[in-house]
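Please read the structure below before turning to the comments.
The values are calculated or read from the model by the stated rules, or taken from the named source; none is laboratory data. From a predicted model like this one, the values you see are computed outputs, not experimental measurements. Backbone-built Cβ (ideal geometry, glycine too); neighbour counts: all protein chains shown. Note: accessible area is taken over every heavy atom of the protein model, side chains too, but ligands, DNA and RNA are not part of it. Shrake-Rupley method; radii C 1.70, N 1.55, O 1.52, S 1.80 Å.
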Amino acid sequence: MRIWTRRLAAVVCAVAMMAAALVMGVTGASAQANVLQKPGADTYLKYRIDGSSMHIGVISQDAQGRKYYCIEAGAPSNHDVNNVIGLPDSQEARRVSWLMGRYAQSDQRTQAAIGVLTHDHFDHNAAIWGQHRAIIMGQYPDLAGRADALWAEAGANTPTGADIQQAYVQGIRKGKLTVQIEDASGSPVAGVVFHARLNGPAVFDTGSAETSGVSASQPIELNWKATGKGDVTASLTYERKTLDMVLSGQDYARIGNDESTDAGSITFKVRKDFKPGILSTVSSKIVNDGQPVRDELTSTLVGEDNYWVPDLKVTASGWYFAGLTPEQLRGAVTARQGEGAANAFLARLAADGHRPAAYGSADFTGPGQSVRATAVTEPGGSQQYRAPSGGFGTWVWAFERDKQSAEAQDYLIGDSVAPFLEPNETNSNRFRLHVESSVTEHSASVGSELSDTITVSGFPDDHGSFQGNQSYGFRPDQPNAQVDVWWAGSTDDQQDDERFRPQGKVEPEEDGNHRLVGTWDFPARNGTIRVGAGASDAHGAPVNIAAQDHGWYVFVWRFTGDDRVKPAASDYDDAWERTRVEGFSPQEKAMIVTHVDKSEVNVGDTFHDVAKVTGDLPAGSRVEFTAYEPVAKGAPAGSGRKIMDARSVAVTSKHAGAKVSSPEVTADKTGEVYWKAAVVSPQGDVLASHDVGVPEETVSVGEEPKGSLAHTGAPILVFVGVGLAALAVGALMVAFIRRRSGC
């Protein structure tokens, strides 16, 4: 913007002020009269008019060396000072005062020319001065040219206004003022003292809100920086010379004191702080258990007039919450008014039962940067967090001021906290299924009824009822799992069936030796289901499966998966899930009767399983014992991890009809331990087994005794003996049943 300061002096105004000064002088100013000194002869020129000798140039001077020039031509002069009045500001006054200062020490001709210019613009009586001027110019012909040159020079060096502009150089956080002092034509004037002031939340690079300088022929740049947020007004003043009128017998003009002149102002917005933000979305909406949890982050800026400090690093902290239920997906939860600190927001979430399961961090040095963050097990740690089995998870991110560098803290006025349970930041950690199943008969004849018993755990208790959540991008539960039954064998010779023994985990393609007998739906829920033998499927229809041909019949349970539960399937070559069907059975079928050696133990006690095997067994057969960790009473049998996994004990011919014992195990917690035992051929076929969860194969584990019992001798031994005898009798009554281990 261009600001001009110009005032025009009128002779009428000057005369009025002189009249006022005269009145004041009558009342006492004359009492304070000062006596001036005669000037040196080299400061003026002489001329004659009407027979009198006159001076043009310096007429008097004072003790400070200031020079006095006449502005009342024809009046008798003296060296008394009756009063001093500042002449009104004008271009003429500024030029004349500048000349008086610039040429305070100069030659006669220059001083005479200044005297001429002073008369020209400030003489009380223009007509009388005109007569004198004509005589002077006649006597000194070159003086007019000198006066014109001085007047032009004064015009080029007299400030009349200023140009002040503002430009941002770093957002609205830093900038510069460009200052130029100008003459009447708008050209720069050098050598003028100026003062700049900032009113508002900003300072100059010196750290002060005020600064001074001297103008040059080029604009002067003044750098500033914000100290806060708001409007700043930059004002500019400059120093100019003034012109005094001295009242005496003959009035004079002299250079006055420097005076500060307002050159205008400019107002602009500033903001020192900035508020970083994050745009984020989970790397995957669906995560299986055991997989890493990642998030995609992009730095951004929050609000208007917000600018990142160049290359300033700030670190975002992340918290990952797991185990959320479908009912909790009700929309984002944001920090409340006045709850700007991340720790206050986290404390409120904790009070609502939400505590972080994992943590993350990401560094940014500007907006628009993208980072992939991986969840870790502790703040600042390096060990990757692995997704749990089941539930929804969500991220919360924040820029915490107290965790930034000292430099960054200077630019952040508080924490920036993202909401909890934002849809883009929420994923599903799918449940992992556990399946235990076994065909009822591992060997059968053509025409036999085939069936399978399947126990499933790992589904969420409400599986099948979740209708999805469109806002969060999750689909409804798949209500059913499927069971496929396959036949594999030779279409001719029964002895050739062995070539088509099920191989591999994946179901085969149908061909002349592989046929899909049927597929049935069953509810995708926890519990035990029966497939075949007239049991109903998910639609209430009875399922009957007859062995029509010799060969292998294989049951495959599978769940295609949904957004809450990962896919699962039993293996096609799982020995527990196949029945060998023969046209005739010349051998005595293998059978197994099992019982635990102790039905009740305490935590830390040892116990084992006992099996009795009968029937015709191929050489190299074995008994495989499996035990599952204690689970609560009523929980699906075999749903715990294995504390003994298919430990083999060889069976020889002399063992037929004899007992085979498993290795000892212990339990480290209370609950029900379920055993499983099976006779397995050298080829891995299950020849005989039993269901998981039968009473004879269940051990109840109680609390470890707090103290030792005293030894009481024979009576205790008697009781123990009676108990063991009872167990032996009970073992003879165990039913012959089959069973299998799943994945």
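Using a 1.4 Å probe on the protein heavy atoms, what percent of the accessible area of the chain belongs to carbon and sulfur? Numbers along the way, then the final one.
Working: 17240 of 34490 Å².
Carbon and sulfur together cover 50 percent of it.
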## Note on the structure
For the pair Thr178 and Glu407, the simple spin-label estimate (label points 7 Å beyond Cα toward Cβ) gives in nm 2.9 nm
### Query
Among 637-645, 623-631, how do they line up from the highest to the lowest mean number of other beta-carbon atoms within 10 Å?
623-631, 637-645
### Task
Give me the angle, in degrees from 0 to 90, between the Cα long axis of helix 108-122 and the longest principal axis of the Cα atoms of the chain, rounded to the nearest 10.
80 degrees
### Message
Between 0 and 90 degrees, rounded to the nearest ten: what's the tilt of helix 342-351 against the longest Cα principal axis of the chain?
### Response
30 degrees
### Task
Mind checking which of Trp557, Pro388, Ala93 is farthest towards the positive end of the chain's charge dipole, using Cβ charges of +1 (Lys, Arg) and -1 (Asp, Glu) about the Cα centre?
Ala93
## Note on the structure
Probe 1.4 Å, heavy atoms of protein chains only: per residue, the accessible area of the chain in Å² is 46 Å²
### Query
Which part of segment 662-705 falls in the paramagnetic zone of Asn602, meaning amide N under 17 Å from the point 7 Å along Cα-to-beta-carbon?
666-671, 700-705
### Message
At 222 nm, what value in deg cm²/dmol follows for the chain if DSSP H runs of at least 4 each add -39500 (n - 2.57) and the sum is divided by all its residues, to the nearest 500?
### Response
-4500 deg cm²/dmol
### Query
Taking a spot 7 Å from the Cα of Thr325 along the direction of its beta carbon, which residues of segment 439-476 have an amide N less than 15 Å from it?
460-467
### Dipole of the chain [Lys/Arg +1, Asp/Glu -1 at C-beta], most positive-end residue of Val517, Ala444, Tyr103
Tyr103
### Message
Output the 0 to 90 degree angle, nearest 10, between the alpha-carbon long axis of helix 143-157 and the longest principal axis computed from the alpha carbons of the chain.
### Response
20 degrees
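Local charge sum around Leu412 (other residues, Cβ-Cβ under 11 Å, Lys/Arg +1, Asp/Glu -1)?
With Lys, Arg at +1 and Asp, Glu at -1, the net is -2.
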### Task
Give, in nm to one decimal, the length gained when the segment between Gln494 and Thr298 is fully stretched (0.36 nm per residue of separation minus the Cα-Cα distance).
63.9 nm
